[in-house]
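These notes concern the structure reproduced below.
The values are calculated or read from the model by the stated rules, or taken from the named source; none is laboratory data. Note that the coordinates shown come from a computational prediction; the quantities given were computed from them, not determined experimentally. Cβ placement follows ideal geometry from the backbone for every residue including glycine, while neighbour counts extend to all protein chains displayed. These accessible areas exclude ligands, DNA and RNA; they are computed on the full protein's heavy atoms, side chains included. Shrake-Rupley method; radii C 1.70, N 1.55, O 1.52, S 1.80 Å.
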Amino acid sequence: AGRNDGAITSLTHDGTEVASYEDSEKSIYIPIFAPGGLLFCVLGHDDHPEQEEIIALDAQTLQPRYRFGLSLLDDVSGMVVVGEELFVCDWGNDRIEVFSLAGEHRRSITGEWERRPLALCFVKDRLYLIEEPDDEEDEEGEPVNPLCVCGRRIFVLSLQGETLQV
């Protein structure tokens, strides 16, 4: 599924279509598998990222199971499943939203990051969050924060959102 594509398709290894899901109103992107046979995707409008929501599809049939997050999310940039929870990088709101796998909003995590959260991964009971690089310039075109232009900081977080290391 691409960012400007309103469909997602499941294919066999030889290219035969098994199942598909289509939304004529929204793009489908950032698919991520979860234990229990769910496929989470973001449904959104490229011109209106504040109208994004998450859809949980049956991974085999691509039939919708849950839709959630509408009015909570603003420009999702990444997701990761940890146990029975879905962690969502809410780039537009500078936070991580945490949902149950059934779509119940559990908590919001705000942190010490100065730039927007861009991507997440999970390894050995820790979340690793990549912060967007700081490329802001002053009137002369010089970096406002020269130490942050070249790279991004990586935050190591507990599952509760406590910063353990930067």
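Find the residue count for the range 87-102, including only residues that are touching a residue at least 40 places away in the same chain (Cβ under 8 Å), within 21 Å of His48 (Cβ to Cβ) and out of contact with any Lys or Arg (no Cβ under 7 Å at 6 or more places or on another chain). Adding up the residues that qualify gives 2. Starting from the range 69-85, keep only residues that are under 15 Å from Thr110 (Cα atoms), then list their pairs with residues that are part of a loop (DSSP other than H, G, I, E, B) and β-branched (Val, Ile, Thr) whose Cβ atoms are within a distance under 8 Å, requiring at least 6 positions of separation or different chains. Every condition considered, no pair remains. At pLDDT below 90, on the phi > 0 side of the Ramachandran plot, open to solvent by less than 50 Å² (accessible area, probe 1.4 Å) and not basic (Lys, Arg): does that describe Gly141? Yes; evaluated as a whole, the condition is true for this residue.
Those strands (runs of 3 or more DSSP E) of the range 59-113 in which at least 3 residues are open to solvent by 10 Å² or more (accessible area, probe 1.4 Å), considering only elements entirely within it, cover 64-68, 76-82, 105-109. Scan the range 102-118 and tell me whether some residue there is at pLDDT 85 or above, under 18 Å from Tyr66 (Cβ atoms) and in contact with an Asp or Glu (Cβ under 6 Å, 6 or more places away or on another chain). No, the range 102-118 has no match at all. May I ask you to list the residues in the range 114-131 that are farther than 12 Å from Gly161 by Cα, in a strand (DSSP E or B) and either of a type in the set (Ser, Thr, Tyr) or free of Cβ contacts under 8 Å to residues at least 24 places away in the same chain (or both)? Listed by number, the list holds a single entry, Val123. For first residues located in the range 6-23 and within 14 Å of Gly44 (Cα to Cα), partners that are among the charged types (D, E, K, R) and assigned to a strand (DSSP E or B) and lie 6+ apart or on another chain with Cβ distances below 6 Å form the pairs Gly6/Glu22; Ala7/Glu22.
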